[in-house]
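Asks: Take a look at this one; I'll ask things after.
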Amino acid sequence: MIAAPAPVNRLEKLKKRAFATPFDTVISILVLLFLAWLIWTAFDWGVLQAIWRAEDVALCQEAGAGACWSVIDARHRLILFGLYPYDEHWRSTLAALAIIGTVVLSCIPWFWAAKRLIPLWIIGFATYYLLMEGSLIGLNQVTTDKWGGLSLVLFLFSSVILLGMPMGLGLALMRRSRLPVLRLVASLLIDFVRSLPLLTTLFTAAVVVPILLPDWLQGDKIWRVIVAFALFFACYQAEVFRGGFQAIPAGQFESGKALGMGKWQILWLIVLPQVFRHALPATINMVVVTFKETAVVIIIGFFDLLASASAAFGTGEWVSYYMETYVFIAFIYWAFISSLGRYGEYLKDRMRQEEH
Amino acid sequence: MSFIKGWAASAVIAAGLATASTSAHAESATLKTVQDRGTLLCSGHNGSYFGFVEVNDKNEWKGFDIDLCRALTVAILGDPDKNQIVPLSWAQRFPALQSGDVDVVIKATGWTMGRDTELGLQFSLPYFFGGAQLLVRKELGIETADGLEGGVVCVQAGTTIERIVADHLKTIAIEHEMVSFEKTAEVIAAYTSGRCDAYAAWGPSLAVIRATQIEGADEHMILQDKLSSEPISAAMRQGDEGWVDIVNWMLAALIKAEELGVTSENVEAMTANPPNPTVARLLGVDEGMGSRLGLRDTWAREMIATMGNMGEIYHRNLGEGSPYKLPRGLNNLWSEGGVIYAPILD
């Protein structure tokens, strides 16, 4: 183990880095001034001069008025819940919390076992579906075309990851298989899907499939889209896993064989844990990108966060305040994605500790 | 998307054969589907389209096109809420119609030859005329584009508006200068800073810009001239004549009601005491309005009582009762100087 470096005086370090020469000092001060100005302007606009309540919207038109958060006050339920019926918003809230809870719990190492993880996800998704759809537990039925806003984004995202991860692993294993048929099928599928834009894939699932398939084979639009999206994710993720496999030296397999372990034992106990570790940074990247890409479903007529935000300012009363609306949803995206990123950092640290 | 065309063509042939084999007064397969389902499927939008398709604070659809869908729902099912508004993007609306995801597309859709023929659609009579219009300062004191002699007109670059305005002003022999900008915000800035005398754009959009993006909106006005005209109609699948009849007469009844002075306010009084035979027929006092279409005789009365007539729907969503205050112009009744008319109600 390497000894920790001696603690350095932070002030000294800063001085050495930013104020070493007069030229450095000038540049540093200019940058600091610019940053201060930027932060002050944003603070002044967003907080000090801002108008907060929907009733005060008239004040937004006055000279010197800052951000008009009235639009959020008046329209936040549209942004967060899309077209979900107004009186049933508590269901959408609980459903979103169920998904967030499921994701948070499955991030805790104690849950990392199939016997805990699988029931957790089944319960989480069942709770979401039963609450959102409603008719199975005696609430008013809300059809999937009315699902929207943040709850829909969270549902799409977690379903795509949940379906796509095992599919991706399966495809990666198929591509490494000794059987030529499996290998060929996997490579063809991966290359084909990766050569199409996500938008085309989703548009095909949402719009073209109903024209080609008989009614009983179609299923609801939301499921078709989730399956197509998951397939798209899986094909990319398969390549990420393949990279992870290639990083593992052949000696690992051979040592496993020498210990008398079977093929699947070697895979499950020796290879895969290392594959996951190698693939982790790229996987977190994929997950973050997927969260943001859910916004593409706006094109096939889903009322996701972006669509409901544009509907929120898409009326004569609120059209001037699109900036505030975008800032609001940018904050929501930032909150979720930075949490994902933070968790990724934690995982990497944890795995590094395990290695030593 | 030739396979869609192929599909549409075969559907048209199939539907054509089906129609030929039934009786002369067309029975609508779509109507039957809607009645069996108990819900009408209409087109919504993925976001909102000013004045036509929007969402209110209670997460409910509203707007001119939405009100027409609700009126159609009352006509068929007797309750404006028995519909499902399916959110669709612009590109999705026709495939969704062909695949049966919606029963009708009422979504600011222009009646074009390509859509009518190649896409296998059928259009209703136009219920709205949109077109290029001009926004000017009231202080110019002009009423029509004739007053723009020697003026500067600003437009957004790369749209059809540019050519339409040039054509129109050339036709009426008005000397002018045209300045085009890349972005909407730039055109607005040029107009408000006084660089241009007039701002040309699609009428309904211009009304939104005037109402919301320009300070002192009351000092500006949209000229009545329509420099181009785009008839906006409801789109349906080809081959269901009976369904087209229903949508057409739904629109016709709303227009006729306005023409005859029947409003949501006075519809009950008019029913109790119809001033003339046409009103009596429209409101189902005399029999016959419904059975010809396969609906109830009182469908138009119920529709007007719930949704109002065409004028009321316009007023509420686009006119003085809305934030847009779009002058009716061409969208007035023929008797008021517009081009909106209904076929004869006999």
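Asks: Given a 1.4 Å probe, show me the residues in region A:311-334 buried by at least 20 Å² of accessible surface when comparing the whole protein assembly to the chain alone.
Replies: Listed by number, the residues meeting the 20 Å² cut-off are A:ALA311, A:GLY314, A:THR315, A:GLY316, A:GLU317, A:VAL319, A:SER320.
Asks: What is the Cα radius of gyration of chain B over 2.2 N^0.38 Å, N being its residue count?
Replies: Details: Rg = 21.6 Å, N = 346, 2.2 N^0.38 = 20.3 Å.
Ratio of Cα Rg to 2.2 N^0.38 Å: 1.06.
Asks: Turning to a different aspect of this structure: Structure shown: which of A:LYS115/A:LYS348; B:LYS58/B:LYS183; B:LYS32/B:LYS226 lie over 29 Å apart, alpha-carbon to alpha-carbon? Please report the intermediate quantities before stating the final value.
Replies: Working: A:LYS115/A:LYS348 24 Å; B:LYS58/B:LYS183 33 Å; B:LYS32/B:LYS226 40 Å.
Over 29 Å apart, Cα to Cα: B:LYS58/B:LYS183; B:LYS32/B:LYS226.
Asks: Another question, if that's okay. Under the Kirkwood approximation applied to all pairs of distinct alpha-carbon atoms, what is the hydrodynamic radius of region B:296-346 in Å?
Replies: 12.2 Å
Asks: Could you tell me which GluC sites (Glu not before Pro) in region B:237-346 are loop residues by DSSP with no more than 10 other beta carbons within 10 angstrom of their beta carbon? Don't jump to the answer; show the numbers that get you there.
Replies: Details: sites: B:GLU241, B:GLU258, B:GLU259, B:GLU265, B:GLU268, B:GLU287, B:GLU302, B:GLU312, B:GLU320, B:GLU336; in loops: B:GLU265, B:GLU287, B:GLU320.
Taking region B:237-346 and a limit of 10 other Cβ atoms within 10 Å, the loop GluC sites (Glu not before Pro) found are B:GLU287.
Asks: In percent, how large is the relative contact order of chain B, given Cα pairs closer than 8 Å and 6 or more residues apart?
Replies: 21 percent
Asks: Take the solvent-accessible surface of the protein heavy atoms, probe 1.4 Å, and return the percent of it on region B:132-228 that carbon and sulfur atoms account for.
Replies: On the way: 2170 of 4640 Å².
Carbon-and-sulfur percentage of accessible area, whole number: 47.
Asks: To two decimal places, what compactness ratio does region A:204-356 give when its Cα radius of gyration is scaled by 2.2 N^0.38 Å?
Replies: Details: Rg = 21.8 Å, N = 153, 2.2 N^0.38 = 14.9 Å.
Scaled against compact globular proteins, the figure is 1.47.
Asks: While we're on this one: How much accessible area does B:ASP197 have with a 1.4 Å probe, in Å² rounded to the nearest 10?
Replies: 50 Å²
Asks: Rounded to the nearest whole Å², what accessible area per residue is found for the protein assembly as shown with the 1.4 Å probe?
Replies: Numbers: 33950 Å² over 702 residues.
So the protein assembly as shown comes to 48 Å² accessible per residue, rounded to a whole number.
Asks: Can you tell me the Rg and the Dmax, both Å, for the Cα atoms in region A:3-118?
Replies: Expressed in Å, the Cα Rg and Dmax of region A:3-118 come to 24.8, 64.
Asks: Which residues among region A:225-268 fall inside the zone where the amide N is under 11 Å from a point 7 Å beyond the Cα of A:ASN285, along Cα→Cβ?
Replies: So the set is A:240.
Asks: Please give the total accessible area that chains A and B bury against each other, computed with a 1.4 Å probe and expressed in Å² to the nearest 100. Could the numbers behind the result be given before it?
Replies: On the way: alone 20910 and 15690 Å², together 33950 Å².
When A and B are taken together, about 2700 Å² of accessible area is lost.
Asks: Average projected area of the Cα convex hull of region B:158-316, in nm²? Numbers along the way, then the final one.
Replies: On the way: hull surface 54.4 nm².
If you wrap the Cα atoms of region B:158-316 in a convex hull and average its projections, you get 13.6 nm².
Asks: While we're here: Can you work out D for region B:132-228 in µm² s⁻¹ from Stokes-Einstein, where Rh is the Kirkwood radius over C-alpha pairs, the temperature is 25 °C and the viscosity is 0.890 mPa s? Could the numbers behind the result be given before it?
Replies: Values: Rh = 13.0 Å.
Estimated via Stokes-Einstein, D reaches 189 µm²/s.
Asks: How much of the accessible area of chain A, in percent, comes from carbon and sulfur atoms when a 1.4 Å probe is used? It would help to have the intermediate numbers written out before the result.
Replies: Values: 13590 of 19610 Å².
With neighbouring chains kept in place, the figure for chain A is 69 percent.
Asks: May I ask for the equivalent-ellipsoid semi-axes of chain A, computed as the square root of five times each C-alpha gyration tensor eigenvalue and listed largest first in whole Å? Write out the running numbers ahead of the final one.
Replies: Working: eigenvalues 322, 243, 72 Å².
Semi-axes from the Cα gyration tensor: 40, 35, 19 Å.
Asks: Suppose a student asked you for the relative contact order of region B:132-228, using Cα pairs under 8 Å spaced at least 6 residues apart; what percent would you report?
Replies: Rounded, it is 47 percent for region B:132-228.
Asks: Here's something else I'd like to know. May I ask you to work out the translational diffusion coefficient for the protein assembly as shown at 4 °C, viscosity 1.567 mPa s, via Stokes-Einstein with Rh from the Kirkwood sum over Cα pairs, reported in whole µm²/s?
Replies: Details: Rh = 29.6 Å.
Answer from the Stokes-Einstein relation: 44 µm²/s.
Asks: Also, I was wondering about something else. In deg cm²/dmol and to the nearest 500, what is the mean residue ellipticity at 222 nm of the protein assembly as shown if only DSSP H runs of at least 4 residues count, each as -39500 (n - 2.57), divided by the residue total?
Replies: Working: 28 runs with 370 residues, N = 702.
The helix-only estimate for the protein assembly as shown comes to -17000 deg cm²/dmol at 222 nm.
Asks: Region B:100-119: which residues show an accessible-area loss of 30 Å² or more, assembly versus chain alone, 1.4 Å probe?
Replies: Residues shielded by partner chains are B:ASP101.
Asks: Sticking with this one: Using 1/(1 + (r/R0)^6) with R0 = 25 angstrom and r between the beta carbons of A:LEU139 and A:LEU117, what's the FRET efficiency to the nearest 0.05? Write down the numbers at each step before the final one.
Replies: Numbers: r = 28 Å, r/R0 = 1.14.
The computed FRET efficiency comes out at 0.30.
The values are calculated or read from the model by the stated rules, or taken from the named source; none is laboratory data. On a predicted model such as this, the values are computed, not experimentally measured, just so you know. Methodologically, a virtual Cβ is constructed for each residue, glycine included, from the backbone with ideal geometry; neighbour enumeration extends over all protein chains shown. What goes into the accessible areas is simple: the full protein's heavy atoms, side chains included, and nothing from ligands, DNA or RNA. Shrake-Rupley method; radii C 1.70, N 1.55, O 1.52, S 1.80 Å.
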